[in-house]
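Peer 1: Before we start, here is the structure in question, set down as structure tokens.
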Ligand SMILES: C[S@@+](CC[C@H](N)C(=O)[O-])C[C@H]1O[C@@H](n2cnc3c(N)ncnc32)[C@H](O)[C@@H]1O
């Protein structure tokens, strides 16, 4: 019998603080061709947002091992908060190596230790979607509180039309942690209903089925070719049914 995915706040913290999860996290997210293209697309997206809006203070909510933060170009205050001491230790080492001056804080996303309006830009990836609606609403409310009016918020979301059939085919036991999957209009309504104006939904991994198949070439020592082809496929679709979106929002007053 398949076990239920982890969805409690404590369960999630415990899962991600496990040294085995921490140690394998970056390799899993950036090592394989498919995931490395998605990672690169997300870094580019965030760097573009930073270059466009020139925030004075950025907050990375639940950075894990600074997968994104260590790759970003910013010249302002950067704060990042995660519940996991083990993730933060790795984040600190990576940020130091890359010369990125993030202020790292350990804490709980449901009780952010910052004053209202502290940040111009908040982003949070692979995190908000880990929770059910009631908890997501609490997170949106905390994010809104620490964001100045008119400030920006970016997060990722998975497209149910693409992700669900794929996950069912692979077996849901491969997904130990709760992951909300969205239809496009549900994502927009959820963000708009929680005090944000959606400015942009950038489609990523636009030709998922073909791109995921190409990922298998790595098993034959063709990882670099796979990566090139997966990347090239991003340019051959209008992105109306991608596997994931990056949402960019603005805090409404
Ligand atoms: C899937 S990882 C995402 C890491 C990173 N944002 C990324 O996109 O690669 C989720 C992170 O959320 C952190 N986390 C889980 N529950 C948390 C909570 N209540 N408050 C703060 N961080 C939490 C975990 O420690 C983990 O580092």
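Since every read-out is calculated from the coordinates, none of them should be taken as a lab result. Because the structure is predicted, anything quoted here is derived from the model rather than measured. Heads up, the Cβs are rebuilt from the backbone with ideal geometry, glycines too, and the neighbour counts pull from every protein chain shown.
Peer 1: Could you order peptides 149-162, 101-114 by the average number of other Cβ atoms within 10 Å of their residues, highest first? Please report the intermediate quantities before stating the final value.
Peer 2: Values: 149-162: 20.0, 101-114: 14.9.
In decreasing order of mean packing, 149-162, 101-114 become 149-162, 101-114.
Peer 1: Let me ask something else about it. Roughly what angle does helix 19-30 make with the longest principal axis of the chain, taking Cα atoms, 0 to 90 degrees, to the nearest 10?
Peer 2: 70
Peer 1: Taking neighbour counts of Cβ atoms within 10 Å as a proxy for exposure, in what order, fewest first, do 84, 36 appear?
Peer 2: Ordered from fewest to most neighbouring Cβ atoms within 10 Å, 84, 36 come out as 36, 84.
Peer 1: Same structure, new question: Taking the beta-carbon count within 10 Å as an exposure proxy, list 7, 243 from fewest neighbours to most.
Peer 2: 7, 243
Peer 1: Sort 91-99, 125-133, 195-203 by packing, meaning the average of other beta carbons within 10 Å per residue, with the highest value first.
Peer 2: Ranked from most to least packed, the peptides come out as 125-133, 195-203, 91-99.
Peer 1: Pairs of Cα atoms under 8 Å, at least six residues apart: use those to get the relative contact order of the chain, whole percent.
Peer 2: Relative contact order here is 21 percent.
Peer 1: Sorting check: for 15-27, 55-67, which peptide has the highest mean count of neighbouring beta carbons within 10 Å, and how do the rest follow?
Peer 2: Final packing ranking: 55-67, 15-27.
Peer 1: A follow-up question, please. Shape of segment 10-89 from its Cα gyration tensor (a ≥ b ≥ c, root eigenvalues): rounded if a/c is under 1.5, otherwise prolate when a/b > b/c, or oblate?
Peer 2: Details: a/c = 2.79, a/b = 1.37, b/c = 2.04.
It is oblate, given that a/c is not under 1.5 and a/b is not larger than b/c.
Peer 1: Quick check on the chain: take the gyration tensor over C-alpha atoms, sort the square-rooted eigenvalues as a ≥ b ≥ c, and tell me if it's rounded (a/c under 1.5), prolate or oblate.
Peer 2: It is rounded, given that a/c, with a ≥ b ≥ c, falls under 1.5.
Peer 1: In which sequence would 6, 230 go, from the one with the fewest C-beta neighbours within 10 Å to the one with the most?
Peer 2: Lowest count first: 6, 230.
Peer 1: Could you state the number of Å between the C-alpha centres of segment 226-253 and segment 76-110?
Peer 2: 27
Peer 1: Quick check: Cα centre of segment 1-51 to Cα centre of segment 164-210, how many Å?
Peer 2: A separation of 15 Å, based on Cα centres.
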